[in-house]
Amino acid sequence: MQVGFIQFKVFFGQKKENIEKVAEFILKKKADLLVLPELFNSGYLFCSLRELHALAEPVPDGMTSRTLIQLARDHHVFIVAGLPERAGMNYYNSAILVGPNGFIGCYRKIHLFDTEKKWFTPGDNGFAVFDIGMAKIGMMICFDWIFPEAARTLALKGADIICHPSNLVLPWCQKAMLTRSLENAVYSITANRIGTEHNEGATLTFTGHSQIVSPKGEVLAAAAHDEKIITVDIDPVLARDKKITPNNDRFADRRSEFYEI
Ligand code: ACM
């Protein structure tokens, strides 16, 4: 299975241009599964609810979802992409999974980072795993990385690949994701972005270095700090063996009676 990410400089508020850039990258490389950054169509640094309202869209009927579904159909690829979702009176920092046959699922970011808490409602639909035939796919978004429970829950639900759209600004996630992959024996694809956003006195610089990690915690591919589509060939079945020694199984050995969660 050929899986990868698209890392690029998202321009705040320029949905059409951001989506067009993704479409150009998809043309360049054949893949079965591609992961895009968090909020890939809108940009990140919202300074008002009005701004967010103008950029957020219903899922899956909004323009971005429909365009991604068409791209997935045309290029026979599954796509995970982060976008601002509008649902009634609420806004969610969401990720959608679409494929050649249409919309598959939506994850709403559960652990909101910093000022996201001003605009977004925390996710309310849990961590779900979707079977796309070639593999079972889990989604989490950016700051979810610091809660090991997020990746663990997805792995316990059977995810082979954790798709991780991100807009990282702190320096620790890439290293932490090696452990998330190793402790759960899952592949992870962290699709980060690059670029700097300024909005009403605030500035954020996104750190790039997107990566794909194996169930053994090895980096299979990593980007630097430039615009890139990278894919690697993986065998999702390797993520189904949870043994770490002949006498240890990551899941069967869990002593959940001693965990206070
Ligand atoms: C983040 O969760 N976007 C840092």
Boolean, C142 is on the phi > 0 side of the Ramachandran plot and either touching a Phe, Trp or Tyr at 6+ places or on another chain (Cβ under 8 Å) or among the acidic types (D, E) (or both):
yes
With the requirement that a residue be within 15 Å of the ligand (Cβ to nearest atom), farther than 17 Å from A221 by Cβ and of a type in the set (A, V, I, L, M), what does the range 169-208 give you?
V169, L170, A176, A202, L204
Considering F5, F12, which residue is assigned to a loop (DSSP other than H, G, I, E, B), within 16 Å of the ligand (Cβ to nearest atom) and modelled with pLDDT of 95 or more?
F12
Contact list, first residue from the range 108-123 and of a type in the set (A, V, I, L, M, F, W, C), second anywhere and assigned to a helix (DSSP H, G or I) and within 8 Å of the ligand (Cβ to nearest atom), beta-carbon distance below 7 Å, six or more apart or interchain, is I110/D144; F113/C142; F113/F143
Scan the range 177-200 and report the pairs whose first residue is at positive phi and whose second residue is part of a helix (DSSP H, G or I), with Cβ atoms within less than 7 Å and a gap of 6+ or a chain change.
A185/A239
Any hit, the range 66-76, residues being of a type outside the set (D, E) and within 16 Å of the ligand (Cβ to nearest atom)
no
When the range 91-106 is checked residue by residue, the ones that are more than 12 Å from the ligand (Cβ to nearest atom), assigned to a strand (DSSP E or B) and not aliphatic (A, V, I, L, M) are Y91, Y92, S94, G99, G102, F103, G105, C106
Restricting to the range 19-46, what's the tally of residues that are surrounded by 24 or more Cβ atoms within 10 Å (Cβ to Cβ), more than 16 Å from the ligand (Cβ to nearest atom) and not aliphatic (A, V, I, L, M)?
0
Any pair with Cβ under 8 angstrom, 6 or more apart, that starts in the range 238-261 at a residue that is touching a residue at least 24 places away in the same chain (Cβ under 8 Å) and closer than 22 Å to V213 by Cβ and ends at one that is outside any loop (DSSP other than H, G, I, E, B) and basic (K, R):
R250/K243
Is it fair to say A222 is more than 24 Å from G13 (Cβ to Cβ) and within 14 Å of the ligand (Cβ to nearest atom)?
no
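So that you can scan it fast, the table gives a plain yes or no per residue for (1) of a type in the set (V, I, T); (2) in contact with a Leu (Cβ under 6 Å, 6 or more places away or on another chain); (3) assigned to a helix (DSSP H, G or I); (4) farther than 28 Å from D226 by Cβ:
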| position | (1), (2), (3), (4) |
| --- | --- |
| F40 | no, no, no, no |
| A54 | no, no, yes, yes |
| T64 | yes, yes, yes, no |
| T67 | yes, no, yes, no |
| R73 | no, no, yes, yes |
| A81 | no, yes, no, no |
R86 is checked against (1) away from the ligand (no atom under 16 Å from the Cβ); (2) of a type in the set (K, R); (3) not in a strand (DSSP E or B) and fails just one. What number does that condition carry?
(3)
Could you check the range 70-89 and list, in sequence order, the residues that are touching a strand residue (DSSP E or B) at 6+ places or on another chain (Cβ under 9 Å), within 30 Å of K118 (Cβ to Cβ) and not acidic (D, E)?
I79, V80, A81, G82, L83, P84, R86, A87
What tally of residues in the range 107-129 results from selecting those that are over 14 Å from the mean Cα position of the chain (by Cα) and away from the ligand (no atom under 16 Å from the Cβ)?
3
Based on this model, can you work out whether A95 counts as of a type in the set (A, V, I, L, M, F, W, C) and surrounded by fewer than 16 Cβ atoms within 10 Å (Cβ to Cβ)?
no
Going residue by residue through the range 47-63, is there one that turns out to be of a type in the set (V, I, T), touching a residue at least 24 places away in the same chain (Cβ under 8 Å) and buried (at least 24 other Cβ atoms within 10 Å of the Cβ)?
no
In the list S181, S256, S166, which residue meets the criterion of being under 22 Å from L45 (Cα atoms) and hydroxyl-bearing (S, T, Y)?
S166
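The values are calculated or read from the model by the stated rules, or taken from the named source; none is laboratory data. Values in this document were obtained by computation on a predicted structure and should not be read as measured data. All Cβ positions, even for glycine, are placed from backbone atoms using ideal geometry, and neighbour counts span all protein chains on display.
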